[in-house]
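The values are calculated or read from the model by the stated rules, or taken from the named source; none is laboratory data. This is a predicted model, so every value here is computed, not measured. Please note: Cβ atoms are built from the backbone with ideal geometry, for glycine as well, and neighbour counts cover all protein chains shown.
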Amino acid sequence: MLPNVRREDWYHTATNTNWDPDYVDEEELFPPEMSGQDAYDVPEGGWEAWEETYKQTAREYFETQHEKDGSVYSVSSAMDQSDLPHSIGMGWEDVLKFHFAAVPLLERAAVTAESQYARFAPDSSWRHMAQFGAMDELRHTELQLRIPHSFVKEDAQYDWAKKLYHTEDWASVAARHLFDDFKASNAVDSALQITFAFETGFTNMQFLALASDAADVGDIEFSEAISSIQTDEARHAQQGNAIIEILNEYDDLDRAQYLVDKSFWRCYKLFAALTGPSMDYYTPVEDREMSWGEFMEEWIVDQFLDSIENTELEKPWYWDQFIELVRKGDTSHYMAGGHYHWRPTLPIAPPGVTEEDREWLEEKYPGWEDRWGYKWDRHAEMMREGNEDKTVADDLILLCDLCQLPAIHGDPDREVNRPRAHEHEGEQYYFCSEPCQWIFENEPERYKDHQSILRRFLAGDIQPPNLEGALNHMGMTQDNLFERGIDFRAPEWGDDWAGWSPPSADSPTAADDD
Ligand code: MN
Ligand code: MN
């Protein structure tokens, strides 16, 4: 350390290591295909102006992280030693299971992405910061594997925290497809998608929104852990804005605009599948504060608009359609319905909606009853008639050839969120939405050969060729029936509807959907 020199006087010297190499060429040290130097019009030396707003030295980093871990682990050990059951109740358990199945190993994938920036990014201050980013992500992985590990002895579904990412489950394929797409690029492309689009907005939703719900539910351990994680995200997400500042100065931003539009849409789709149902359906109704749509507006829409305001970037071309989808919460509602109907494919126990749920949903999303209520009426009716098995799908669903998520008829009124077919080199491809098709058409070479679950099915790779065969393929084997998703309220929740009158005759019927 330099005890007599103020930090602001030495920080730049310490992090500025953009030296001229003597023994190798610059291009050997930082191959452009890894650094991204050749993909943008930034002149030689241009990247050296890269600067983060919130600076941290290594000593500060380790001290702060040590304190953060200290608070999180002390809450955990207090929970371990208390007689409190960890279980806060079903419903919230689904939020936890879904989070732990989806998130920890994605954090591990983020270690690789941050490490790429730490090694190959075109400026040394950026590389400096990305080293902390890589260590952050490792901390997130460990923290979020440790908590579910302590629950496995009570509930086997928690072992999906370690397992899901290594299976061919549709949710895993979709998450890997997204993150691999972001990572399989040079450092600038990758960081625009991960640190600018993914982390500036969307991790807020998973980590802040859920932390607030967790606090309301009384799940202190989870709330502490994920709020602690978000403080790291907020720091290393700064990389994104710092990159845009440089590009803003030199580049026409066409490439950046495309990558931001693409990754913002992909993040929206994935988080709608993950966080949407968690906030709107699984968090117990008495503990729900904001709806997913409200949280999206406040934390994603406003924040995203703020971050592009000072740049030459524009709103994505699909912005108006996107806003309408957010307000209606359509993607959350159809994913929740899909999770329920195809529940054996998920390691959670998604609940059927109750009367209180429906009142809440109608209040938060006016028109919900008309658009979605009849689907749940049908399920409730099956339950009342003792036909629980009829509430479970016995077929496969169309999956989008871009985002890999179910392409369900999201909104009969508008084109944007409707499944669509597209022919490319004599092959048929299917998309959930206009933006997904647009991404594919921009880069068919990148996406056309991916073997989606449906393609594997059609190619005969999934045997027997039915739902059971697909479940086996996804890792939901017969031996592990206890891990498959069930409805924990079944069959009683159908009784909630015993006195309820069926929807009016002009409501859509079963033939129109699914
Ligand atoms: Mn993280
Ligand atoms: Mn991160």
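Taking the criterion of being touching a Leu at 6+ places or on another chain (Cβ under 8 Å) and without any contact (Cβ under 8 Å) to a residue 24 or more places away in the chain, the only residue of the stretch 440-479 that qualifies is T477. Cβ-Cβ contacts under 8 Å between residues 6 or more apart (or on different chains), taken from a first residue in the stretch 419-431 that is of a type in the set (D, E) to a second residue that is surrounded by fewer than 17 Cβ atoms within 10 Å (Cβ to Cβ), are listed as E425/P444; E425/K448; E427/K448.
Contact map, the stretch 222-234: first residue closer than 13 Å to E67 by Cβ, second residue more than 9 Å from ligand 1 (Cβ to nearest atom) and of a type in the set (D, E), Cβ cut-off under 9 Å, separation 6 or more or different chains; pairs are S228/D69.
Considering the stretch 41-157, the qualifying helices (runs of 4 or more DSSP H), each wholly inside and each with 2 or more residues that are within 16 Å of ligand 2 (Cβ to nearest atom) and closer than 27 Å to D280 by Cα, run over 92-102, 104-120, 124-151. Restricting the first residue to the stretch 99-116 and requiring it to be β-branched (V, I, T), which pairs with a second residue that is away from ligand 1 (no atom under 13 Å from the Cβ) meet a Cβ separation below 8 Å and a spacing of at least six or different chains? If the second residue must be away from ligand 1 (no atom under 13 Å from the Cβ), the pairs left are T112/K183.
Of the residues in the stretch 326-339, at least one is at negative phi and either without any contact (Cβ under 8 Å) to a residue 24 or more places away in the chain or touching a strand residue (DSSP E or B) at 6+ places or on another chain (Cβ under 7 Å) (or both). Annotation: of all residues in the stretch 86-122 being of a type in the set (F, W, Y) and within 15 Å of ligand 1 (Cβ to nearest atom), the one that is modelled with the lowest pLDDT is F100. In the set (1) of a type outside the set (V, I, T); (2) within 16 Å of ligand 2 (Cβ to nearest atom); (3) modelled with pLDDT of 95 or more, F196 fails one condition alone, (3).
Determine whether the stretch 417-431 contains at least one residue that is within 30 Å of G352 (Cβ to Cβ), at pLDDT below 90 and touching a Ser or Thr at 6+ places or on another chain (Cβ under 6 Å). Looking through the stretch 417-431, at least one residue is within 30 Å of G352 (Cβ to Cβ), at pLDDT below 90 and touching a Ser or Thr at 6+ places or on another chain (Cβ under 6 Å). Looking across V173, V217, one residue alone is more than 16 Å from ligand 1 (Cβ to nearest atom), closer than 30 Å to S71 by Cα and in contact (Cβ under 8 Å) with a residue 60 or more places away in the chain. It is V217. Applying the criterion of at least 2 residues that are touching a His at 6+ places or on another chain (Cβ under 9 Å) to the helices (runs of 4 or more DSSP H) found wholly in the stretch 159-222 leaves 160-163, 170-183.
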